[in-house]
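First the structure, in the form of structure tokens, and then the observations on it.
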Amino acid sequence: MTEHSPLIIDVAGTALTAADRARLAHPLVGGVILFARNWQDRAQLLQLTASIKAVRADLLICVDHEGGRVQRFKTDGFTHIPPMRAFGELWLDDGQGRAYREGSGALRAMDAATAAGYVLGAELRACGVDFSFTPVLDLDYGVSGVIGDRAFARDPRVVTLLARALMQGLLQAGMAHCGKHFPGHGFVQADSHTEIPVDRRSFSAILHDDAAPYGWLSSSLQSVMPAHVIYPQVDSRPAGFSARWLQDILRGQLRFDGAIFSDDLSMEGARRIDGRTVSYTDAAVAALQAGCDLVLLCNQSLGEGHEVDALIGGLAQAQSQGRWQPSARSEERRLALLPETLPLAWDELMVHGAYMRALDLLP
């Protein structure tokens, strides 16, 4: 019996099909990632998440729900969370005139970030979602269109403290978190969804700036997602397929022991490894061999979903051939991301004191 369920896949619509249920029941599948196409309203989302859990209670239901332009559910009562840059800007606002007080902006920003994490997590959990891929730990160098206002700030110290505050809010809502995109995506202009970004800076520069939040948060981060970026001064492979980055640096040097997710294997940055285009199965095996605990394949269930089926079958074959072996430790890390408390129901949440106060603190 498989002791490790590393695949996070998607489903096509607002309700499960028979094909979805068959895929989710496969022992190699450990979770689902939802998108805006899976959303109609809160009642439908709650029914969808309940139907996923009915297939297997241990499936991790995930979503990219950061705030700003990366927020999958925005209607039927969901709060519009500001982009993370708004908290970085609040950090710098110490007031004017008699209201000026040095450092007050930083403290207000941290309180607001905690409130945002709580609102984000509590609303998702009220609809049956377990986990959101947030916070973004990338630095805002002002050059990356794909990161942009998703980043808190340019200063890694500010990013670290605001991310820690957001993580605290998520934990108050009973939701785990994921720092991304290790060691940093903010310095490169190219979008790894459509290109293969290359960051040619030295290892010391990357470690001192971009990767610094991962070291400072290593005792509190619950999961990390590496970037589909190549850092040729360190390794010729993108970070998510690099044992040097994931095992030697992230786990060894920075002493991180939580779960590591690959970024979406369907992105262009994941399809070319060592100069050649590879299959989703080969990409998944490479990510797992490099040190990922979990791998994502997004937006491939549309239509007949042949690519999802091919990945499930291909990984099973790779296991039987000895190209990949399940990891009990990786499975422990996956299960640790599941909520341990019952969520507040939506109507109860709407009148909950901590929730109402959190709404008032959002910028």
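The values are calculated or read from the model by the stated rules, or taken from the named source; none is laboratory data. Worth saying up front: this structure is predicted, and the values here are computed from it rather than measured. Heads up, the Cβs are rebuilt from the backbone with ideal geometry, glycines too, and the neighbour counts pull from every protein chain shown.
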Pairs, first over 28 Å from residue 74 (Cβ atoms) in segment 21-38, second at pLDDT below 95, C-beta under 6 Å, six or more apart: 27/2
Sort out which residues of segment 258-281 are of a type in the set (D, E, K, R) and either within 20 Å of residue 146 (Cβ to Cβ) or without any contact (Cβ under 8 Å) to a residue 24 or more places away in the chain (or both), and write them in order of number. 263, 264, 268, 271, 272, 276
Positions within segment 258-317 being assigned to a loop (DSSP other than H, G, I, E, B), under 22 Å from residue 183 (Cα atoms) and acidic (Asp, Glu), in sequence order: 274, 293
Just one of 340, 332 is closer than 19 Å to residue 220 by Cβ, surrounded by fewer than 18 Cβ atoms within 10 Å (Cβ to Cβ) and free of Cβ contacts under 8 Å to residues at least 40 places away in the same chain; which is it? 332
Among the helices (runs of 4 or more DSSP H) contained in segment 1-96, which hold 2 or more residues that are closer than 30 Å to residue 324 by Cα? 18-25, 42-55
Go through (1) out of contact with any helix residue (DSSP H, G or I) (no Cβ under 6 Å at 6 or more places or on another chain); (2) β-branched (Val, Ile, Thr); (3) in contact (Cβ under 8 Å) with a residue 60 or more places away in the chain one by one and return the number of the condition residue 206 breaks. (3)
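Do we find that residue 295 is modelled with pLDDT of 95 or more, of a type in the set (A, V, I, L, M, F, W, C) and in contact with a helix residue (DSSP H, G or I) (Cβ under 7 Å, 6 or more places away or on another chain) in this structure?
On the way: modelled with pLDDT of 95 or more: yes; of a type in the set (A, V, I, L, M, F, W, C): yes; in contact with a helix residue (DSSP H, G or I) (Cβ under 7 Å, 6 or more places away or on another chain): yes.
So residue 295 passes the test.
Out of 290, 316, report the one residue that is closer than 27 Å to residue 17 by Cβ and among the small types (Gly, Ala, Ser).
Result: 316 is the single residue among 290, 316 that is closer than 27 Å to residue 17 by Cβ and among the small types (Gly, Ala, Ser).
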Out of segment 199-224, which residues are over 16 Å from residue 154 (Cβ atoms) and under 18 Å from the mean Cα position of the chain (by Cα)? 214, 215, 217, 218, 219, 220, 221, 222, 223, 224
Output the residues belonging to segment 135-154 that are in contact with a Gly (Cβ under 9 Å, 6 or more places away or on another chain), assigned to a loop (DSSP other than H, G, I, E, B) and aliphatic (A, V, I, L, M). 137, 139, 143, 147, 151, 153
Any idea which of 61, 81 is among the β-branched types (Val, Ile, Thr), in contact (Cβ under 8 Å) with a residue 40 or more places away in the chain and closer than 20 Å to residue 339 by Cα? 61
Identify all residues within segment 189-245 that are within 29 Å of residue 171 (Cα to Cα) and in a loop (DSSP other than H, G, I, E, B); write none if there are none. 209, 210, 211, 217, 218, 219, 220, 221, 222, 227, 228
Inside segment 119-159, can you point out the residues that are closer than 25 Å to residue 358 by Cβ and of a type in the set (Val, Ile, Thr)? 119, 129, 134, 136, 158, 159
Determine, yes or no, whether residue 257 is among the acidic types (Asp, Glu) and crowded, with 16+ Cβ neighbours inside 10 Å. no
Of the residues that make up segment 282-304, is at least one over 26 Å from residue 207 (Cβ atoms) and in contact with a His (Cβ under 7 Å, 6 or more places away or on another chain)? no
Residue 251 versus (1) of a type in the set (Lys, Arg); (2) closer than 19 Å to residue 210 by Cβ; (3) part of a loop (DSSP other than H, G, I, E, B): which is the lone unmet condition? (3)
Close pairs from segment 345-363: first under 16 Å from residue 78 (Cβ atoms), partner surrounded by 11 or more Cβ atoms within 10 Å (Cβ to Cβ) and at pLDDT below 95, Cβ under 8 Å, at least 6 apart: none
With the requirement that a residue be within 26 Å of the chain's Cα centre (by Cα) and either loosely packed, with under 14 Cβ neighbours inside 10 Å or farther than 10 Å from residue 363 by Cβ (or both), what does segment 89-114 give you? 91, 106, 107, 110, 111, 114
